[in-house]
1. Where does the Debye-calculated log10 I(q)/I(0) of the stretch 31-101 sit at q = 0.19 Å⁻¹, using only Cα point scatterers of equal weight, no solvent?
2. Just want to confirm a number: the relative contact order over the stretch 47-141, from Cα pairs under 8 angstrom separated by 6+ residues, in percent.
3. How large is the direction-averaged shadow of the alpha-carbon convex hull of the stretch 221-287, in nm²?
4. What would the Debye formula give as log10 I(q)/I(0) at q = 0.10, 0.13, 0.18 Å⁻¹ for the alpha-carbon point model of the stretch 46-180, no solvent?
5. Could you work out how much longer the chain between LYS238 and ASP157 gets when fully extended? Use 0.36 nm per residue separation minus the Cα distance between them, nm to one decimal.
6. If the reach is capped at under 26 angstrom between alpha carbons, list the lysines near LYS238, excluding any in the same chain fewer than eight residues apart.
Amino acid sequence: MVWLRAIGSAVVAAVSLSLMGACPAQAQSAPETAQDAEALNRQGLALQRQGKYREAEPLFRRALDIWRATLGEADRNTATGYNNVASILIVQGQYGEAEPLLRKALEIRRAVLGENHSDTATSYNSVAYNLNAQGRFGLDEPGLVFTPPKMASVEDDGILTASEASQLSLVADWVILSACNTASTASGAGGSDSLSALSRGFLYAGAHALLASHWQVSDEATAALTVEMLTARSRTPKLTRAQALQQSMHSVRTGKRPDGSAVKGWDQSWAHPSAWAPFSHIANSDE
């Protein structure tokens, strides 16, 4: 190891040698980038879908730290980081710790993406779900949270409750409630032991059938599942809804359709039941 020391106007060079030889220079690691954060986030999502929440949490936290350092607070990726850390806390029952992270994600998305963006609506829904899980939703029944109107009114407050859904007049073959826990009776969802008040409200309104979820769902896997399900029923009208759902579950689980073609965007983590099994077909008859 070589160093220079100034003494007055002279410079003295000194050399320090280890008894085992000269110390090797330590390689400096390259600074972490936003791409590194994306890779960590993907690993976290894969672990989350496998139910490995404790292993996923530090990956999400590290991804958030990198996005904050490289992109700053006012970026949609940083909002995703806040949201994903909060989501992994929620599934572990840590609702209080998740709340400020969800609110931060919402704040960023409102500022960066605007009120009418789908990610902003998702953040509103996540904040409301977390409050409801803590018994702080402020309503006696479940509901769906939409983007709030600029001026709330009795007719439009941005929330569709189960009782309001039951008063709709629907002519729908299949209503897809693809948000998290839409069929669950947990956390004050109401209804009977087997069906939430929210799901029952849409049946009362005239829906012939529902697709509803029993736990927190993956956006990507859910999108693939619903597309495969509706496509299968469209291509083969003789398929019942239940058969179309069964076929789409198999496609999402394996990555292959019945004809052997690949499911677009398929990820290996979708083979886990957490990705393809949360949805139930609910109807008075299967047609």
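Coordinate-derived values only; no laboratory data. Source: prediction; values computed, not measured.
1. For the stretch 31-101, the Cα-only Debye profile gives -0.67.
2. The value is 22 percent.
3. Spelled out: convex hull of the Cα atoms, projected over all directions, averaged, 4.2 nm².
4. -0.38, -0.63, -1.08
5. Fully extending the segment from LYS238 to ASP157 adds 25.1 nm.
6. LYS256, LYS264
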